1. Exactly one condition in (1) without any contact (Cβ under 8 Å) to a residue 60 or more places away in the chain; (2) within 15 Å of THR41 (Cα to Cα); (3) open to solvent by 30 Å² or more (accessible area, probe 1.4 Å) is not met by GLY149; state its number.
2. Any idea which residue in the stretch 159-190 is least open to solvent (accessible area, probe 1.4 Å), counting only those that are in contact with a Lys or Arg (Cβ under 7 Å, 6 or more places away or on another chain), modelled with pLDDT of 85 or more and on the phi < 0 side of the Ramachandran plot?
3. Answer yes or no: is there a residue in the stretch 82-95 that is among the β-branched types (Val, Ile, Thr), assigned to a strand (DSSP E or B) and touching a Gly at 6+ places or on another chain (Cβ under 9 Å).
4. Please go through the stretch 116-145 and give me each residue that is surrounded by 15 or more Cβ atoms within 10 Å (Cβ to Cβ) and either part of a loop (DSSP other than H, G, I, E, B) or aliphatic (A, V, I, L, M) (or both), ordered by number.
5. Test of understanding: among THR98, THR126, THR107, THR169, which residue is under 14 Å from the mean Cα position of the chain (by Cα) and of a type in the set (Ser, Thr, Tyr)?
6. Determine the pairs where a residue that is under 14 Å from ALA187 (Cα atoms), located within the stretch 134-145, has a partner that is of a type in the set (Lys, Arg) and in a loop (DSSP other than H, G, I, E, B) with Cβ atoms under 7 Å apart, the partner being 6 or more residues away or on another chain.
Amino acid sequence: MRLLFGSLFTLALAAAIGLGATWMAVTQGTAFGGVTLGAWTAWPKVGTPGIDPYARAMVARSGELPIGSGDGVAFYARADDGGRLLDGRCDVVLSGITPQARYWTVTLYDPEGRLVANSVQRHGFTSQEIIRRADGSFEMTAGPRARPGNWLPTGAVERYVLVLRLYDTPIGVATRTGRDAPMPSIAQRSCQ
C-alpha cells in the first residue's frame with residue numbers, strides 16, 4: 001500500500017510539473033532557444049522545421065504566423081532595460097540603432113497579441129518612415145500623450161508588448177551579444 005501511494009504521488013507530481021511547464025511556455029512565451037539582447041527576446045527557430053514543441057503550442061495558441069528563418073526574426077520586449085514592465089500610462093523611450101536589416105517594423109500589441117486601440121490608429125513604425133538623427137540613430141516615444149517626432153500612442157493601456165521585426169537580416173540563432181546585434185534601448189520615463 002505504501003509503495004502504491006508513493007508511486008501515485010510521484011506520478012501526480014510529475015504530471016503537475018509537466019502540465020505547469022507546458023502552461024507557462026504556452027501562456028508566458030517561455031519557449032526554448034530564445035536569444036535575449038537587452039530587453040529584447042527572439043526565438044529564431046520558431047519559423048523553422050526545428051521548432052520545439054512548446055514554441056509550436058505557443059504559435060498554435062496565438063494564431064500568429066511566424067517569420068521564416070530565411071526571411072527575418074521578431075524580437076519581443078515586455079519590459080524596459082531595467083526590468084520594469086511596459087506601462088501604457090508612462091512614456092517609454094526607444095533609442096539607438098537597430099541591427100543590420102533590409103527593412104524593419106516596430107509595433108505595439110497588448111499582452112494577448114492584439115493591436116492596442118488608440119484614437120489616431122497608429123500601431124507602429126517602419127524603417128522607411130521613422131525620423132532619424134544625422135548619425136542614423138533614432139528616438140521613439142511610446143506614451144499616452146501626443147509628442148512631436150516619433151510618437152507611438154499606447155492608449156494608456158496598463159501593459160503592452162513591443163515587437164521589433166527585422167526582415168532580411170543576418171541576426172539569428174548564432175547571435176548572442178549586443179555587439180553582434182545592437183538593439184534599441186528601452187527606458188521608462190514619466191508616468192501619468
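The values are calculated or read from the model by the stated rules, or taken from the named source; none is laboratory data. From a predicted model like this one, the values you see are computed outputs, not experimental measurements. FYI the Cβ positions are ideal-geometry reconstructions off the backbone, even for glycines, and counts take in every protein chain you see. For the accessible areas, the whole protein counts, side chains as well, though only heavy atoms, and no ligand, DNA or RNA atoms are used. Shrake-Rupley method; radii C 1.70, N 1.55, O 1.52, S 1.80 Å.
1. (2)
2. Restricting to residues being in contact with a Lys or Arg (Cβ under 7 Å, 6 or more places away or on another chain), modelled with pLDDT of 85 or more and on the phi < 0 side of the Ramachandran plot, the top hit is VAL161.
3. Scanning the stretch 82-95, I find at least one residue that is among the β-branched types (Val, Ile, Thr), assigned to a strand (DSSP E or B) and touching a Gly at 6+ places or on another chain (Cβ under 9 Å), so the answer is yes.
4. Across the stretch 116-145, the qualifying residues are VAL116, ASN118, HIS123, SER127, ILE130, MET140, ALA142, PRO144.
5. Going through THR98, THR126, THR107, THR169 in turn, just one is under 14 Å from the mean Cα position of the chain (by Cα) and of a type in the set (Ser, Thr, Tyr): THR107.
6. The qualifying pairs are THR141/ARG147.
Per-residue answers, yes or no, for (1) modelled with pLDDT under 85; (2) within 25 Å of PRO182 (Cβ to Cβ); (3) out of contact with any strand residue (DSSP E or B) (no Cβ under 9 Å at 6 or more places or on another chain):
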site: SER7; (1), (2), (3): yes, no, yes
site: ALA15; (1), (2), (3): yes, no, yes
site: GLN28; (1), (2), (3): yes, no, yes
site: TYR54; (1), (2), (3): yes, no, yes
site: GLY63; (1), (2), (3): yes, no, yes
site: SER69; (1), (2), (3): yes, yes, yes
site: ARG78; (1), (2), (3): no, yes, no
site: ASP81; (1), (2), (3): no, yes, no
site: ASP91; (1), (2), (3): no, yes, no
